[in-house]
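Q: Got a structure for you, written out below as structure tokens; questions coming shortly.
The values are calculated or read from the model by the stated rules, or taken from the named source; none is laboratory data. Because the structure is a prediction, the values reported are computed rather than measured. Cβ sites come from the backbone with ideal geometry, for glycine too, and all protein chains shown count toward neighbours. For the accessible areas, the whole protein counts, side chains as well, though only heavy atoms, and no ligand, DNA or RNA atoms are used. Shrake-Rupley method; radii C 1.70, N 1.55, O 1.52, S 1.80 Å.
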Amino acid sequence: MKNEMKMEFDAISANESFARVAVAAFLSELDPTLEEISDVKTAVSEAVTNAIIHGYDGIEGGRVWIHCRIDQDVLLVEVRDEGHGIEDVDKAMEPMFTTRPELNRSGMGFPFMEAFMDDLEVVSEPGRGTRILMKKKIGCTSWIGDED
């Protein structure tokens with residue numbers, strides 16, 4: 001099974017909830033568990049919030065793009081912006097690191113994305129924007145105590 005969707009929206013906080021619900025609805029064809037839906041929604045929410053808050057930093061006219069693809073039982077999600085970009089991706093991915101402490105940002109966006117998804121890649125260039133690529137295999141739950 002393969003399927004794909006793309007969407008583009010204004011980089012405003014009101015669209016964060018729209019993005020997470022849209023991706024969850026797209027994912028529904030794989031019959032995910034509630035936990036899998038919650039994991040994906042959290043990761044998408046963090047990625048979109050990062051694009052809005054850090055990528056554009058309040059600049060009007062910014063856009064966020066999401067590209068999702070289902071390939072067999074794997075969901076691939078790309079969240080992209082053309083904002084400020086990240087100078088040091090490794091530093092930005094450290095837990096508790098934030099460039100916006102005045103907004104009470106926890107610095108846990110990337111760690112949450114890593115925790116809730118199976119794979120995370122961040123590609124960024126200062127002045128050109130950021131691409132967040134995430135993967136999650138759906139339906140790979142293993143039961144404790146199962147023996148083959």
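Q: Right, Ala25: hydrophobic (A, V, I, L, M, F, W, C), surrounded by fewer than 16 Cβ atoms within 10 Å (Cβ to Cβ) and either on the phi > 0 side of the Ramachandran plot or assigned to a helix (DSSP H, G or I) (or both) or not?
A: On the way: hydrophobic (A, V, I, L, M, F, W, C): yes; surrounded by fewer than 16 Cβ atoms within 10 Å (Cβ to Cβ): yes; either on the phi > 0 side of the Ramachandran plot or assigned to a helix (DSSP H, G or I) (or both): yes.
Against the criterion (hydrophobic (A, V, I, L, M, F, W, C), surrounded by fewer than 16 Cβ atoms within 10 Å (Cβ to Cβ) and either on the phi > 0 side of the Ramachandran plot or assigned to a helix (DSSP H, G or I) (or both)), Ala25 qualifies.
Q: Considering each residue of the range 48-69, count those that are open to solvent by less than 40 Å² (accessible area, probe 1.4 Å) and over 15 Å from the mean Cα position of the chain (by Cα), and give that number.
A: Here the count works out to 2.
Q: If you check Ser38, Ser45, which single one turns out to be of a type in the set (Ser, Thr, Tyr), in a helix (DSSP H, G or I) and either closer than 14 Å to Lys135 by Cβ or open to solvent by less than 40 Å² (accessible area, probe 1.4 Å) (or both)?
A: Working: Ser38 fails: either closer than 14 Å to Lys135 by Cβ or open to solvent by less than 40 Å² (accessible area, probe 1.4 Å) (or both).
One residue alone meets the criteria, Ser45.
Q: So which residues in the range 92-141 are at pLDDT 65 or above and more than 20 Å from Val44 (Cβ to Cβ)?
A: Glu94, Glu125, Pro126, Gly127, Arg128
Q: Out of Gly58, Gly62, I need the residue that is over 21 Å from Pro111 (Cα atoms) and either without any contact (Cβ under 8 Å) to a residue 24 or more places away in the chain or touching a Leu at 6+ places or on another chain (Cβ under 6 Å) (or both). Which one?
A: On the way: Gly62 fails: either without any contact (Cβ under 8 Å) to a residue 24 or more places away in the chain or touching a Leu at 6+ places or on another chain (Cβ under 6 Å) (or both).
The conditions single out Gly58.
Q: Quick one: how many residues across the range 43-96 are under 12 Å from Val122 (Cβ atoms) and among the hydrophobic types (A, V, I, L, M, F, W, C)?
A: Of the residues in the range 43-96, 7 are under 12 Å from Val122 (Cβ atoms) and among the hydrophobic types (A, V, I, L, M, F, W, C).
Q: Could I ask something else about it? Only one of (1) buried (at least 16 other Cβ atoms within 10 Å of the Cβ); (2) under 20 Å from Glu121 (Cα atoms) fails for Leu30. Which number is that?
A: Only one criterion in (1) buried (at least 16 other Cβ atoms within 10 Å of the Cβ); (2) under 20 Å from Glu121 (Cα atoms) is unmet by Leu30, namely (2).
Q: Which residues, taken from the range 8-22, are open to solvent by 20 Å² or more (accessible area, probe 1.4 Å) and in a helix (DSSP H, G or I)? Steps first, please.
A: Step one: list which residues in the range 8-22 are open to solvent by 20 Å² or more (accessible area, probe 1.4 Å), which gives 8, 10, 12-18, 20-22.
Answer for the range 8-22, where residues must be open to solvent by 20 Å² or more (accessible area, probe 1.4 Å) and in a helix (DSSP H, G or I): Ala14, Asn15, Glu16, Ser17, Phe18, Arg20, Val21, Ala22.
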